[in-house]
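Have a look at the structure below before the remarks.
The values are calculated or read from the model by the stated rules, or taken from the named source; none is laboratory data. This one's a predicted model, so the numbers in the text were calculated from it and none came from an experiment. Counting neighbours? That spans all protein chains shown, and the Cβs are built from the backbone with ideal geometry, glycine included.
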Amino acid sequence: MLIEANRIQEHDRRQLLSHEAQLDSARKFIPGASVVIERLREFQVAIPSWALGTGGTRFGRFPGGGEPRSLEEKLQDIGLLHALNRSSGSISLHIPWDIPSDPERIKTLAKGLGIRFDAVNSNTFQDQQGQALSYKFGSLHHVDQAVREQAIAHNVEVIRHGVALGSDAITVWLSDGSSYPGQLNFRKAFERTLESLRKIYASLPSNWKMYIEYKAYEPNFYSMTVGDWGQSLLYAQKLGPQAFTLVDLGHHLPHANIEQIVSLLLMEGKLGGFHFNDSKYGDDDLTVGSINPYQLFLIFHELVEGMDVKGIKHSSGLSWMIDASHNVKDPLEDLLQSVEAIKIAYAQSLLIDQAELNHCQQTNDVTRAQEILQRAFRTDVRPLLAEARRLEGGALQPLDLFRELKVRASLIKERGTSGVATGL
Ligand code: AFD
Ligand code: MN
Ligand code: MN
């Protein structure tokens, strides 16, 4: 299914009067509104190929139908999102789930939809059919060198697939760890992992980056070999200038101050990218901004402040990706909501008067500092997002149009109800 431009224009025409009224009033109380709109027009968030189908838990999975059955259909789904919001112009692939049979054809299809390839992900947390050695006790940290070599070879192959598609980064997330005290020698596990990562790093093209994603627990419950940002940063520093830490918002222990982590990683020049999602308890992979939008805003505040200090371009300096799982919602609706939440937090963070905040900090005016942040957070920037979308040819209200056009029903008609998208 494709959404024709005239359907979007027609929708925008119907919404225009009320949009303009809201935009006019927003412009009155947001001094830098035009600059914010320009920044929003550039901002793109990558969609994970594995979030287009219905996710599940270990208890069950309740598919909603019309799920993409192939890489082509995953691209088409992202094409739908991008047509509606003009902010989902890239995809993050997971190998081997998304090995393209014909990379050139996939590239042409993606280009036609305005989609580029963000970081490619390796998978050594599952055993694939026909795989010689098992990852039951880990991959890059495994005590058996043959298992480590197999996992290294897989990562090198992932880079090769990425190169063929025009990607320029690999994300390595390891499930390696231990579930019981005594199972693992932490130091040796770290050293083996580092040695394995060095081999993968050595095969990176010179323009590529390696993102090392950490996670506090699950599937291992006693220790994770890349368990927090300190460990990820250690690997990244030891590996070299092409290695960076990737922050997945759901991968921290409860109450972690993620915004402070982000600030310091940026300071060190070692923040590579993001996996956005939201959570209440753990790695819940919920819709971005659905549980704690204030935290998301505070993270964006640190990002914008830190990137500006270093002269890093907001839209392209870091890899912005979603990593979510949709158990009860339509995945495409959920992704539209997630991209919207990210852009709202980004736009609000652009409203902060950094000079004024800095003055408050230097004079210990704690009350005023809080007021500055909360004034920005409580500003309704949605008319600015809508205007940025309209100017880019997107829909003023993407979610409404998605429903008006009965996109899911068309996808079900096209693909049936029993197709299962690869992923978790
Ligand atoms: C994991 C991690 C990691 C991985 C993904 C696989 O967040 O990003 O690639 O899920 O679905 O929890
Ligand atoms: Mn992730
Ligand atoms: Mn996760």
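Ser232 - would you say it is within 16 Å of ligand 3 (Cβ to nearest atom), closer than 29 Å to Glu157 by Cα, part of a helix (DSSP H, G or I) and at pLDDT 95 or above? Reasoning before the result, please.
On the way: within 16 Å of ligand 3 (Cβ to nearest atom): yes; closer than 29 Å to Glu157 by Cα: yes; part of a helix (DSSP H, G or I): yes; at pLDDT 95 or above: yes.
Criteria met by Ser232.
Among Leu233, Leu239, Leu249, which is the only one that is away from ligand 1 (no atom under 16 Å from the Cβ) and crowded, with 20+ Cβ neighbours inside 10 Å?
Values: Leu239 fails: crowded, with 20+ Cβ neighbours inside 10 Å; Leu249 fails: away from ligand 1 (no atom under 16 Å from the Cβ).
After applying the criteria, what remains is Leu233.
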Considering every residue within region 114-128, establish whether at least one is farther than 25 Å from Tyr211 by Cβ and among the acidic types (Asp, Glu).
no
Collect the residues in region 303-333 that are in a helix (DSSP H, G or I), within 16 Å of ligand 1 (Cβ to nearest atom) and surrounded by fewer than 24 Cβ atoms within 10 Å (Cβ to Cβ), keeping them in residue-number order.
none
Hits in region 355-392 - residues which are of a type in the set (S, T, N, Q) and assigned to a loop (DSSP other than H, G, I, E, B)
Thr363, Asn364, Thr379
Can you find a residue that is more than 12 Å from ligand 3 (Cβ to nearest atom) and closer than 20 Å to Gly306 by Cα anywhere in region 275-285?
no
Across (1) in contact with an Asp or Glu (Cβ under 7 Å, 6 or more places away or on another chain); (2) free of Cβ contacts under 8 Å to residues at least 12 places away in the same chain, Gln354 clears everything bar (2)
Among (1) under 15 Å from the mean Cα position of the chain (by Cα); (2) within 15 Å of ligand 1 (Cβ to nearest atom), where does Ile258 come up short?
(1)
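With the condition kept exactly as written, say whether any residue in region 199-222 is away from ligand 1 (no atom under 16 Å from the Cβ) and either assigned to a strand (DSSP E or B) or closer than 30 Å to Asp330 by Cβ (or both).
Here is the first cut: in region 199-222, the ones away from ligand 1 (no atom under 16 Å from the Cβ) are 199, 201-208, 222.
Filter again for either assigned to a strand (DSSP E or B) or closer than 30 Å to Asp330 by Cβ (or both), leaving none.
No, region 199-222 has no match at all.
Does Ser325 satisfy the criteria of being under 22 Å from Asp228 (Cα atoms), within 16 Å of ligand 3 (Cβ to nearest atom) and among the hydroxyl-bearing types (Ser, Thr, Tyr)? Spell out how you get there, then give the answer.
Working: under 22 Å from Asp228 (Cα atoms): yes; within 16 Å of ligand 3 (Cβ to nearest atom): yes; among the hydroxyl-bearing types (Ser, Thr, Tyr): yes.
Against the criterion (under 22 Å from Asp228 (Cα atoms), within 16 Å of ligand 3 (Cβ to nearest atom) and among the hydroxyl-bearing types (Ser, Thr, Tyr)), Ser325 qualifies.
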Some residue of region 62-85 being more than 11 Å from Thr422 (Cβ to Cβ), in contact with a Phe, Trp or Tyr (Cβ under 9 Å, 6 or more places away or on another chain) and among the small types (Gly, Ala, Ser):
no
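Tell me, which residue of region 90-134 that is of a type in the set (Asp, Glu) and part of a loop (DSSP other than H, G, I, E, B) is farthest from ligand 2 (Cβ to nearest atom)?
Looking at residues that are of a type in the set (Asp, Glu) and part of a loop (DSSP other than H, G, I, E, B), I get Asp102.
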Can you tell which of Leu296, Leu266 is crowded, with 23+ Cβ neighbours inside 10 Å and part of a helix (DSSP H, G or I)?
Leu296
Among residues of region 153-174 being in a loop (DSSP other than H, G, I, E, B) and either crowded, with 21+ Cβ neighbours inside 10 Å or within 16 Å of ligand 3 (Cβ to nearest atom) (or both), the residue nearest to the chain's Cα centre (by Cα) is Ser167
